[in-house]
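Since every read-out is calculated from the coordinates, none of them should be taken as a lab result. None of the values given here were measured: they were computed from a predicted structure. Here the Cβ positions follow ideal geometry from the backbone for every residue, glycine too, while neighbour counts run over all protein chains shown.
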Amino acid sequence: MSNTLTINTSIIDDHWEITGTMSAGTLPAEIFIYSNTGSNTLGDFVGVCSLSELSRLQIFTGTTIPIFGNKFVRTNTISIVTPLSSDTTIIVSTIVSSVNLLSTAYKAKTNTTQVFTIV
């Protein structure tokens, strides 16, 4: 089952707003890293997580996660605000490329079954 990454770019007042979601599939949906504020809101967008961060970072569900030991959290949504002078195509292509790299690494680590004949 494949994942679907949906990204929207919109001009809001005097800035770009890049929003998006990741659907569950081969990868878990919660692959986007944000700073943990220790409250029920997310901090700044950090990027797409690595393979090791999938098991290490907690998933943000809207409830408070203590900052101590949890500087970053994962979620399935993107929300980036950037000036109008920013090139949103570079930002979006960087996100898509990072998700593709994570997907490739994840598929390389999936479970395999091997049958050995013992004599």
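Some points to look at:
- Subset of the range 49-81 (residues that are aliphatic (A, V, I, L, M), closer than 25 Å to T104 by Cα and either free of Cβ contacts under 8 Å to residues at least 24 places away in the same chain or touching a strand residue (DSSP E or B) at 6+ places or on another chain (Cβ under 6 Å) (or both)): L57, I59, V73, I78, I80
- Breaking point among (1) in contact with a helix residue (DSSP H, G or I) (Cβ under 7 Å, 6 or more places away or on another chain); (2) buried (at least 16 other Cβ atoms within 10 Å of the Cβ); (3) under 19 Å from S2 (Cα atoms), for I80: (3)
- Condition broken by T112, with the remaining ones in (1) surrounded by 11 or more Cβ atoms within 10 Å (Cβ to Cβ); (2) under 27 Å from S2 (Cα atoms); (3) out of contact with any Cys (no Cβ under 7 Å at 6 or more places or on another chain) satisfied: (1)
- Given (1) loosely packed, with under 12 Cβ neighbours inside 10 Å; (2) of a type outside the set (D, E, K, R); (3) farther than 30 Å from I11 by Cβ; (4) under 13 Å from the mean Cα position of the chain (by Cα), number of the condition S97 does not satisfy: (3)
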